[in-house]
Amino acid sequence: MRLGNRVLVTGPTGFIGAHVVSALVQDGFSVSVATRRASSPDPAIRTFLIDTIDGRTDWGASLENIDSVVHLAGRAHRRAEVQKREADHYSAVNVDGTHHLASAAARAGVRRFVYLSSIAVNGAMTRGRPPFRPDDVPAPKTFYGVSKLRAELALAEIQAGSPGLSVDILRCPVVIGRDAPGNLALLAWALKKGLPLPFASVRNQRAFLAIDDLSDFIALRLNASATGCCRFTLGSADTVSTPQLVRLMAGALRCRPNLMPAPPAGLRALLILAGRRDKADAIVESLEIDVGAAKLAGWQPKVSIAEAVNRAFG
């Protein structure tokens, strides 16, 4: 066992967590997981059952002899009215839960805390501005984004008071991989059903992130010697428009992309009127990401969006 390779991962049964745990085990890390429900038994992985993640979670036993924590669990992005209705829940899980875990990790002598944040902290679109960077002034537009920002601020405060704990904050866009939920799953369903998609006239540029590249960056940071609180914006090396993404997914799924023209401004207005501003931003607007800070840390995105789509849906 290499010194310093004992890792606790939260959220191991989610889409990202399952991939990251598998990748870390393959990379030779000694992995423990904290989860609300037991997953498939694996003799290489220690499992700690927890009821929920909030400001009262008992992390005691799970943090014993742990060098690093990879915190992936959290309340995920949902439609605006759900976020508004569940604002207290977002705060309890994403903010209080993260603060409490990091505080416990600092007390237990953990040396590194890797936190999966979101590009939503930067904002919803990059139309008319440069690509998002980790040093941008935060401009979250949703309760989810605000909760992620508040968690980041809590982590920075804890790190400042616990110099033995190094913190890495990863702001990511939509992650592409097998079993990806959310908009990608919805789009795959629509394509397989042959539904008409009025996106043919959209001319945007959006970055994504392959799950393999995210896993590689997490492993890189677990082995890093850098101290303090570091923020990174991650994304693919390339970008695609919404109709290009549809065609890539249709090719991987071996179905016909039933794309139809429609004025993007009208499409955006209809989605906003229907209470789906999040979908309007994701379909019509651009989202570009500067990964310069991550490259300086020794990382390079290796998987193109086309290859990521093929791996996920082929």
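Tabulated data
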| quantity | calculated |
| --- | --- |
| Positive dipole terminus of the chain, leading residue within HIS71, THR35, VAL284 (C-beta point charges) | VAL284 |
| Inter-label distance, nm, simple model (7 Å from Cα along the C-beta direction), ALA160/SER241 | 4.5 |
| The range 1-64: C-alpha gyration tensor shape, a/c 1.5 cut-off, then a/b vs b/c | oblate |
| Using distinct alpha-carbon pairs, which all enter the 1/r mean, Kirkwood radius of the range 252-308 in Å | 14.7 |
| The range 138-218: translational diffusion in µm²/s, Stokes-Einstein, Kirkwood Rh over Cα pairs, 37 °C, 0.692 mPa s | 204 |
| Alpha-carbon Debye profile of the chain, log10 I(q)/I(0) at 0.09, 0.14 Å⁻¹ | -0.45, -1.09 |
| The range 249-268-the range 176-222 distance, computed between alpha-carbon centres (Å) | 14 |
| Hull-based mean projected area of the range 88-175, where the convex hull spans the alpha carbons, in square nanometres | 6.0 |
| Ranked by how many other beta carbons lie within 10 Å on average, peptides 43-54, 294-305, 88-99 from highest | 88-99, 294-305, 43-54 |
| Kirkwood Rh, angstrom, the range 196-306 [1 / mean 1/r, Cα pairs] | 15.9 |
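FYI, it's all coordinate maths here, none of it is from the lab. Note that the coordinates shown come from a computational prediction; the quantities given were computed from them, not determined experimentally. Please note: Cβ atoms are built from the backbone with ideal geometry, for glycine as well, and neighbour counts cover all protein chains shown.
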